[in-house]
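Beneath this line is the structure, given in structure tokens, with notes to follow.
The values are calculated or read from the model by the stated rules, or taken from the named source; none is laboratory data. Since the model is a prediction, treat every value here as computed from it, not as a measurement. Virtual Cβ from ideal backbone geometry, glycine too; neighbours counted across all protein chains shown.
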């Protein structure tokens, strides 16, 4: 794959810079005592530094102006990413209210989405659809950042696949940004694979969620037929986050409160281990991504195939959740 907007050697450099920046954040977090402590809503058993995502976002913000987008679009996406990363970093250090975070997320998605949709037919109506989807992307990536390597591994695969798809349809700037996302996640994984030495935090998870939404919108605006491919690629995260949220709302629980009810958290609690559970999710992502790369082009996946992917993902989620509940009951009885 060639990325004319950004030489491949620069992508490697971005990965090295991310690794170095996360390493520096690890030292800083240890010295300042910025730690995630174990608890009944956590999946780890020892105090672990957090804030590695700040290093990732700094590297991305440094490289964003070089991907080849126009000055206005580049400035809008940079400001949106910086605002999401800043409110996330603030929340990592001193937790903010949900309303404050959502307002920042809304403003950031509106800014980036408006810039990407500028000049498009019925752009205002499309923006009304894009904004809630973008805000949901930010928050679902935050929800899925709960065990070692899961979010970074997912975004690494997502970035690589989106880079190939963008390159295949002649969108080098989008391919460059997707490759940069994959690069910074690869650098972060050097410290986050099980057992993790540092966590990403809200700065990183929110920033990754925003960039995935930006990349998806950029692809779909230029090639609407890629919508189904983008949706299928995110199926593992969308299904787990969405069904878990709906389940909590149905049971009358505070859905904005931290918890350990996602499927991946259930699996870890039952003793399957962070690495094993993460690899299971990444295998799903790799199978979908591999299919999309193999059939890359204007229409790598249609609506029926995308629907089939989601139905299968929901069945897997439901089956694994029922099995997890049975295993927990057996343990309680014994």
* To do: Kindly indicate which of 134, 113, 55, 51 is touching a residue at least 40 places away in the same chain (Cβ under 8 Å), on the phi > 0 side of the Ramachandran plot, out of contact with any strand residue (DSSP E or B) (no Cβ under 6 Å at 6 or more places or on another chain) and surrounded by 15 or more Cβ atoms within 10 Å (Cβ to Cβ).
  => 51
* Structure fact -> Only one of (1) farther than 29 Å from residue 263 by Cα; (2) at pLDDT below 95; (3) not in a loop (DSSP other than H, G, I, E, B) does not apply to residue 99, and that is (1)
* Asked: Any residue in the stretch 28-40 that is touching a helix residue (DSSP H, G or I) at 6+ places or on another chain (Cβ under 7 Å), free of Cβ contacts under 8 Å to residues at least 40 places away in the same chain, part of a helix (DSSP H, G or I) and more than 19 Å from residue 151 (Cα to Cα)?
  -> no
* To do: Only residues in the stretch 269-286 that are on the phi > 0 side of the Ramachandran plot count as the first member; pair them with residues that are outside any helix (DSSP H, G or I), Cβ under 8 angstrom, at least 6 apart or cross-chain, and list the lot.
  => 273/194
* Asked: What do you reckon, is residue 146 outside any helix (DSSP H, G or I), on the phi < 0 side of the Ramachandran plot and in contact with a helix residue (DSSP H, G or I) (Cβ under 6 Å, 6 or more places away or on another chain)?
  -> yes
* Asked: From the list 107, 186, 203, which residue is surrounded by 24 or more Cβ atoms within 10 Å (Cβ to Cβ) and part of a helix (DSSP H, G or I)?
  -> 203
* Which numbered condition trips up residue 91, out of (1) over 21 Å from residue 55 (Cβ atoms); (2) at pLDDT below 90? -> (1)
* Within the stretch 313-334, can you find the residues that are under 30 Å from the mean Cα position of the chain (by Cα) and either modelled with pLDDT of 85 or more or farther than 15 Å from residue 271 by Cα (or both)? -> 313, 314, 315, 316, 317, 318, 319, 320, 321, 322, 323, 324
* To do: Scan the stretch 309-329 and report the pairs whose first residue is farther than 16 Å from residue 233 by Cβ and whose second residue is not in a helix (DSSP H, G or I), with Cβ atoms within less than 8 Å and a gap of 6+ or a chain change.
  => 324/270; 327/270; 328/270
* Asked: Is the stretch 118-130 home to any residue that is surrounded by fewer than 20 Cβ atoms within 10 Å (Cβ to Cβ), at pLDDT 95 or above and assigned to a helix (DSSP H, G or I)?
  -> no
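Just to verify a result, which residue in the stretch 63-72, among those that are in a helix (DSSP H, G or I) and surrounded by fewer than 18 Cβ atoms within 10 Å (Cβ to Cβ), is modelled with the lowest pLDDT? Even if it seems obvious, please write down each step before you answer.
Let us first name the residues in the stretch 63-72 that are in a helix (DSSP H, G or I), namely 63-66, 71-72.
With the extra rule that they be surrounded by fewer than 18 Cβ atoms within 10 Å (Cβ to Cβ), the set shrinks to 65-66, 71-72.
Working: 65: 90, 66: 89, 71: 86, 72: 89.
The selected residue is 71.
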* Boolean, residue 217 is within 30 Å of residue 114 (Cβ to Cβ), modelled with pLDDT of 95 or more and over 14 Å from the mean Cα position of the chain (by Cα) -> yes
* To do: Check the stretch 28-45 and report whether any residue there is touching a strand residue (DSSP E or B) at 6+ places or on another chain (Cβ under 6 Å), crowded, with 18+ Cβ neighbours inside 10 Å and modelled with pLDDT of 90 or more.
  => yes
* To do: Being within 17 Å of the chain's Cα centre (by Cα) and either in a loop (DSSP other than H, G, I, E, B) or more than 17 Å from residue 220 (Cα to Cα) (or both) is the filter here, so list the residues in the stretch 161-183 that pass it.
  => 179, 180, 181, 182, 183
